[in-house]
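Quick note: the coordinates plus some simple rules give every number you see, no bench work behind them. Quick caveat, the model's predicted, so the values are computed rather than measured. Cβ placement follows ideal geometry from the backbone for every residue including glycine, while neighbour counts extend to all protein chains displayed.
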Amino acid sequence: MTPESDIKYLKGVGPQRAETLRKELGVTTVGDLLRHYPSTYVDRSKIYKISDLQGSELPLIQIRGRFVSASVQGEGFKQRLVCLFSDGTGTIEVVWFRGVKNIRERINPDTTYVLFGKPTEYNHHWQMAHPEMDTEAAAESQKGLRGVYPLTEGLTRKNITSRQLHNLMIAALDNLEGVKDPLPQEVIDSQHLMPLAEALRAIHKPANMIEAERARYRFKFEELFFLELNIVRYSRHRSQQLLGHRFDRVGDFFNRFYKECLPFPLTGAQKRVIKEIRADMNTGRQMNRLLQGDVGSGKTLVALLTMLIALDNGTQACMMAPTEILATQHFESLSEMAGQIGVNIRLLTGSTPKRERDEIHRQLLDGSLHILIGTHAVIEDAVQFKNLGYVVIDEQHRFGVAQRARLWQKASIAPHVLVMTATPIPRTLAMTVYGDLDVSVIDELPPGRKPVMTVLRFDTQRQKVYDGIHRQLLEGRQAYIVYPLIEETDKLEARSLEEGYEFISHLFKDFRVAMVHGRMKPADKDRQMELFASGKAHILVATTVIEVGVNVPNASVMLIENAERFGLSQLHQLRGRVGRGADQSFCILMSKPNISTDTRKRLEIMTATTDGFIVAEEDMKLRGPGDIEGTMQSGLPINLKVASLVSDTQIMEITRAEAIKLLDADPHLIAHPDVAATISKLFDRSMDWARIS
Ligand code: ADP
Ligand code: MG
């Protein structure tokens, strides 16, 4: 047999199990099976003494001894086998609930057994349920590390256990003859990686943990290497084949705005990133750039100034925002800023009336519309530009990759793209997930900002909190009051919000209260937002629809109800709505009283720092990389089995460098047909993905 052989011919498999393995793990060949890696290992070399057992969370362990007694108790369903097992240092109760008769017959009081299971303490004595039971000789052959395999429900239902999978792996390892390593030899050599055959053996049956780790490293490397190779290959293709607009002019729009309309001097960081963007737009290649900057760092102004460069070079610009509120707000502030220099800016959202929409379509086509701001509505097919040169996407995590692709197709020459985000992600990771991106960072807040003072409060302190808000309102400031969004029960959400609205309106009788939530008609939403933005309303009661981007610098209080229900990055975004002016602002996290230690820790991170990078880091630590990883994974063309996008960024960088080296030496992979074949096998559905910028 070879690695290509059908799995059903492997010893211990057969047609039925082969079908189960195919269905559950996508395994059809012996080679496929070996790519189902263990998630961890159990150590079967060490024997514990019963007298040494202590602690509440013990791992799977082995003990060696004899059965002192064994009796079948109960009847029918409740039947169980209860035994006493002694190793000379102490005794442990061993229980079986299934296969009682069979096991009872196997137990011989004169034989020494090795039991492998998880001891638990129960009523002051030790107990082990359903251990694996081996004679000493059999245990000897099990010695050493053994893989523990991820199981699916389907596997468990068909009685395929981790131990059985391990046995299949051992059988499969005998059939590695002629296995082909997909990694190029020079990469294996230069990185001192374990060759495939050795690594397969070492990951399934390692001699020690060091070997297991080396094997795992190799497989992570392999996954990331092909991922990076694919990205680098396509980005080279893009830069060689796809021309971009050359914006070599800085003209009237930019200069007049800069001289006459700039509302405040730019920060050093804003100046720097505008320079970076300008240079990048003038290379003749399409720009594909990520602009990172914490909430409140002034990304919108950068977007505007760089859009003016696009206009100066005779093209149109488009800015996309994830929500209607945000699009509307961008539209209003940009019109106010740039209206004076004769820039024609329009807003297009799902609720734009047909007549206006038709007019926008017409102006876009005849070129009289300079800047289009909008939501997803701008990617509809009906929206066609005369000459789209530049696209800005605000808060990218809300836009799927496919949606970006549609914008891209609206021009014969690919428009320059700037993606703006407040989420800090490492550069290599960004490139891996979003393709070949350049990155600009605004690492400085506008001057005079005082960090938002953040406190954690409970129901008992409610009155004091309201008193504080009252004082701010009297000083002419405004306040947000946010209620959590309960997705499964929209009605409940609206109710708790409406109740909140009633309550707040009543409590702050002398002030005007506005309200927005996601289920409102867009026109109503706009009206309410407008009331708050113009200062006519003093309090805005809202759901998280205001989470992203909303800018009302006069607001100085953010009260978040049921803060314990929010994630850290969400809290950080919400808090970013205040502290946008020069005055001291406050963020109050209102929590129910009985919260877990973890929740408390999470909320206290918010009170301890206002730095978005630290918040993101802590968020990752607390929630584990899982959540963030899930989101990012969805942007990838393949599923990663062993490598982690979050914790393996270092390997990612090495693989990227190796991928670049390989393509420098052999751009079309002519000398590496196997590598080319692996790539097309892995990524054949991702052609479009790779074109996206
Ligand atoms: P974000 O990066 O979160 O999108 P915004 O672009 O909304 O931030 O800017 C936040 C606030 O800071 C806005 O009120 C904006 O007018 C103000 N701002 C932007 N740049 C400067 C600057 N250079 N000096 C002072 N205030 C600025
Ligand atoms: Mg913003």
(message) Along the Cα→Cβ direction, 7 angstrom out, place labels at Ile210 and Ala382. What is the inter-label distance in nm?
(response) 6.9 nm
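If you put +1 on each Lys and Arg Cβ and -1 on each Asp and Glu Cβ, how big is the dipole of the chain around its Cα centre, in Debye rounded to 20? Could the numbers behind the result be given before it?
On the way: 87 positive and 86 negative charges, 120 e Å.
It comes to approximately 580 debye.
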(message) Can you tell me the orientation of helix 324-338 relative to the chain, as the angle in degrees between its alpha-carbon axis and the longest Cα principal axis, to the nearest 10?
(response) 40 degrees
(request) Could you pull out the pairs from Lys158/Lys205; Lys621/Lys641; Lys23/Lys158; Lys509/Lys536 whose alpha carbons sit more than 18 Å apart here? (result) Lys158/Lys205; Lys621/Lys641
(request) Find, among the trypsin sites (Lys or Arg not before Pro) in the range 1-85, those assigned to loop by DSSP (not H, G, I, E, B) with at most 14 other beta-carbon atoms within 10 angstrom. (result) Lys11, Lys46, Lys49
(request) Quick one: go through the range 648-669 and flag any residue whose amide nitrogen is under 12 Å from the point 7 Å out along the Cα-to-Cβ line of Arg236. (result) 658-669
(request) Give me the number: length gained by fully extending Ile413 to Leu507, i.e. 0.36 nm times residue separation minus the C-alpha to C-alpha distance, one decimal in nm. (result) 28.1 nm
(message) Expected output is a single nm value to one decimal: the length gained when fully extending between Leu243 and Asp443, i.e. 0.36 nm times separation in residues minus the C-alpha distance. What is it?
(response) 68.9 nm
(request) Using only the Cα atoms of the range 252-442, each taken as one equal point scatterer with no solvent, compute I(q) by the Debye sum, divide by I(0), and report log10 of the ratio at q = 0.09, 0.13, 0.14 Å⁻¹. (result) -0.29, -0.63, -0.74
(request) Enter the angle in degrees (range 0 to 90, nearest 10) between the Cα long axis of helix 209-241 and the first principal axis of the Cα atoms of the chain, meaning the one along which they spread out most. (result) 30 degrees
(request) Could you state the angle between the C-alpha long axis of helix 462-474 and the longest principal axis of the C-alpha atoms of the chain, as a value from 0 to 90 degrees rounded to the nearest 10? (result) 20 degrees
(message) Using 0.36 nm times the number of residues separating Glu260 and Arg362, minus their current alpha carbon distance, what extension gain do you get?
(response) 33.7 nm
(message) Which one, Tyr483, Phe532, Met453, is farthest towards the positive end of the dipole of the range 453-609 when Lys and Arg carry +1 and Asp and Glu -1 on their Cβ?
(response) Met453
